[in-house]
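Reviewing the structure listed below.
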Amino acid sequence: MTASSHVPPATGSDRGRWTIRSGFKGLTSATPALPLPWTSPPSWASSCQALLQAEAAAYLLRGVWPIPYRKGLRRCRHLLCPVCHADRMRAYRRMAVDRLQRAAREGYGLWLLTLTVEGFPFGRLADQIRITTDLLGRARDGSPYKRLRHEHGVAGFLRALHVTHANGRWHAHLHLVVAAKSFKSARIAAEAISSRYVRQLERRGYAVSKATTDERIVHDPRGLGAYLARSWSPSDRGSPFSLLVAALHGDGRSLAAFEEASHALSRLALLRGNGVLGRAEDAR
């Protein structure tokens, strides 16, 4: 079966639809244009245009992931570029594993905190990320928190953003790894941040449940680093690229959801760290 047989007939308005022409092995000049689900070329289109115009959608439709590396291709490294995503996440993964293992070797206790804001409707992923990040910042501000940080030897943080799609909406949550002078101190600091974060939510009228926060010890720094920066495979239900594949098959709702994620995540760094969980030169 050729890739062209996977391409559904066009549905709805194609006004402004960006298309790529076939150049993928097995396709011919008579193959219909393969639609990429953006109403206009994304900002990174020109950087990876050679592969995108010829092959990217065909690879996705055939279930090939990650898209094979082409030597000499100038990469944009955009998070939602299907050509560059795997390399981008590999760099994040290497960074997370290196920083967590370094802190563990130096004797710091590590504790993982997960935070979210519940109940956001479709179309507000960017707001959900912004509010979660802002309230986490407020939870780590003020004199009481500064005294806690000093008392328990809090030495650094590593923050990662995860997003998944289910039941017609996006769900964003932040993972925050706390490094402190001991596991006990890291736990106390993480629980204090969690409590302060929940109070910030309640003051603003957001719903709070058992799923709003989670705290747990870090026994496996390498495994955690790999988890924090895992790739968004199209085979993972609810991942951005699973929606991209569905959109290529003509699913309009998946198209809208992928576009929402594209706008919300286009300028964000998924992984940030400081102190002993920052860059090696910053930790000295």
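A short reminder: the numbers here are calculations on the coordinates, not readings from a lab. Note that the coordinates shown come from a computational prediction; the quantities given were computed from them, not determined experimentally. Cβ coordinates were reconstructed from backbone atoms using ideal geometry, including for glycine residues, and neighbour counts include every protein chain displayed.
Farthest toward the positive end of the dipole of the stretch 191-253, out of Leu243, Ser233, Ala207, is the Cα of Ala207, where the dipole comes from beta carbon charges about the Cα centre.
Annotation: the residues Glu151, Glu55, sorted from fewest to most other C-beta atoms within 10 Å of their own C-beta, follow the order Glu151, Glu55. Which residues among the stretch 179-195 fall inside the zone where the amide N is under 18 Å from a point 7 Å beyond the Cα of Lys146, along Cα→Cβ? Inside the label zone: 193. In summary, the aspartates and glutamates within cross-link reach of Lys71, defined as a Cα separation below 14 angstrom excluding same-chain residues under 8 places away, comprise Asp87. Listed from fewest to most Cβ neighbours within 10 Å, the set Ser195, Ser254 follows the order Ser195, Ser254. A viscosity of 0.890 mPa s and a temperature of 25 °C, combined with the Kirkwood radius over C-alpha pairs in the Stokes-Einstein formula, give the stretch 110-163 a diffusion coefficient of 188 µm²/s. Listed from fewest to most Cβ neighbours within 10 Å, the set Glu260, Glu106, Glu191 follows the order Glu106, Glu191, Glu260. Taken one residue at a time, the phi angles of the stretch 253-266 give Karplus couplings (6.51, -1.76, 1.60, θ = phi - 60°) of 5, 5, 4, 4, 5, 5, 4, 4, 5, 4, 5, 6, 9, 4 Hz. Gly and Pro are set to x. Contact order, relative form, for the stretch 85-283: 33 percent (alpha carbon pairs under 8 Å, 6 or more residues apart, mean separation divided by residue count).
With each label modelled as a point 7 angstrom along the Cα→C-beta vector, the Gln101-Arg138 pair spans 3.9 nm. The Lys181 and Ala91 beta-carbon pair, evaluated with R₀ = 35 Å, returns a calculated FRET efficiency of approximately 0.70.
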